[in-house]
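Scroll down for the structure; my scribbles are underneath it.
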Amino acid sequence: MLLHVYVGPSLGRDAPVLADPRIRVRPPLRHGDLFDPAIADTDTVVVLDGAWHQTPAVRHKELLALLARGVRVIGGASLGAIRAAELQQFGMVGVGAVFRAYLSGDIDGDDEVAVGQAPDGDLRALTWPVVNLRHVLRRAAHEGVVTARAAEDLLTALCAVYYPQRTMAAVRAVCRAHQAGRFADWLDDRRAADPYFGDIKRADALEALEAGLDEHLPRLQPRPVAESGYYRRWANHAVASVVDGQRLQAAVRVAYQAFFDPFFPQVWNDLLEHLSRHPADGGAGVPLPQRVKAATGGGGVPAHVLFRPVPDLRDEGARARLLRDETAADRAAIVRYQAIREAARHDVPGFSDEAVDDSVARRSLFRLWDTTPDLLEDAAAARGFRSGEDAIGSLKWFIPGLVHDQEQRQERADVR
């Protein structure tokens, strides 16, 4: 059994417990990370920290899918505490004071646990989260350092400081503005004696790891759950393999075929035929024309218009069918486009796939498929896209490479 621990900044990487050979230390959890094939059904996932400001946060369905497989999932300290409070009824185990506060409704909102980190990727916290400030202020009031009313006013003022700016210097400045120098001195003295004083997120992280290492903690029984189209697309995005020495996403390879292979509509139709004869829901398999006739009361509608499934790229057979005509030259083109895209992400401020203008992608798509606006929807459906807009959005991944190729052709033409 392995513990996959998503951590930083609630617990430093130098914490002795993280050196346990059973622990696989991972960065803060992001959307898509839990599709990692290294997570076995018999493993335990411990969610402490997660990203949500600079990157999409993990979706609840990703955690629910792990629980459905029988994976033991524990949350505490930060994002893990939030998700555990939300998903406790589905089997996620919550640990620690922060989890209990979210579960009881004493606190709510992501800002309670948010902290600023160094821009160079250092996973140490540089600022104070609200949960820690509330804790130390309650301690101070209990010890008579401040009154309960003064502690409440200080907490309100400190919460008003944007979380990436809530440094110890900012805490002292707020204390000076509220004539609470005694509290600031008390906090400095306590932290000088114990650098982790008041850090309940760290304490919760250690408690969650202790629970994760306890092999007697009960597990859920695996149970099948229906996958939504969204979940299938997220899962597909995470499927990748090393081909010809390069790590390539399966979804990108399939999209390349859909965009650049003029015969891909037949590939897609053949997949629909296979799915019709081997339905995933356990129903009776029938030839595709017969299924179309039954669905329309007589036929006349193309199968790709009626049926628009999201293929499961985790399935080796599905990948093989969709990539049956892929060549080494296709893969080399993807590698080249991937390098051009990464260069654009590095060199062009604010570049992202989403930043590519829709009209640029649309015009490129019309040229690639030699189609017109009134025929776009059918052309997209024939190649496995949900809609024309879906195809336009998917093509944005390739736009930097297409623009680069066009510029190269223009330069060669100018030379001639």
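The values are calculated or read from the model by the stated rules, or taken from the named source; none is laboratory data. Every value quoted in this text rests on a predicted model; they were computed, and no experiment measured them. Note that we place each Cβ from the backbone using ideal geometry, even for glycine, and neighbour counts take in every protein chain shown.
Structural remarks
- A single member of 184, 208, 180, 203 is surrounded by 15 or more Cβ atoms within 10 Å (Cβ to Cβ), within 21 Å of residue 70 (Cα to Cα) and not acidic (Asp, Glu), and it is 208.
- Residues in the range 154-194 that are within 15 Å of residue 114 (Cβ to Cβ) and not aliphatic (A, V, I, L, M): 7 in all.
- Residues that are modelled with pLDDT of 95 or more and either more than 22 Å from the chain's Cα centre (by Cα) or not in a loop (DSSP other than H, G, I, E, B) (or both), drawn from the range 108-126: 112
- Flag set for residue 148, criterion: small (Gly, Ala, Ser) and within 19 Å of residue 187 (Cα to Cα).
- Qualifying residue in the range 109-121 (condition: in contact (Cβ under 8 Å) with a residue 12 or more places away in the chain, touching a strand residue (DSSP E or B) at 6+ places or on another chain (Cβ under 9 Å) and of a type outside the set (A, V, I, L, M)): yes
- Test: residue 276 is within 30 Å of residue 3 (Cα to Cα), polar (S, T, N, Q) and either modelled with pLDDT of 95 or more or loosely packed, with under 12 Cβ neighbours inside 10 Å (or both): no
- Filtered residue count, the range 147-179, keeping only those that are in a helix (DSSP H, G or I) and more than 19 Å from residue 135 (Cβ to Cβ): 6
- Count - residues of the range 353-388 that are assigned to a helix (DSSP H, G or I) and buried (at least 19 other Cβ atoms within 10 Å of the Cβ): 10
- Residues of the range 8-38 satisfying the condition of being in contact with a strand residue (DSSP E or B) (Cβ under 6 Å, 6 or more places away or on another chain) and either modelled with pLDDT under 95 or not charged (D, E, K, R) (or both): 9, 18, 23, 25, 28, 29
- Residue list for the range 147-178, restricted to those being charged (D, E, K, R), over 20 Å from residue 197 (Cβ atoms) and free of Cβ contacts under 8 Å to residues at least 24 places away in the same chain: 149, 152, 176
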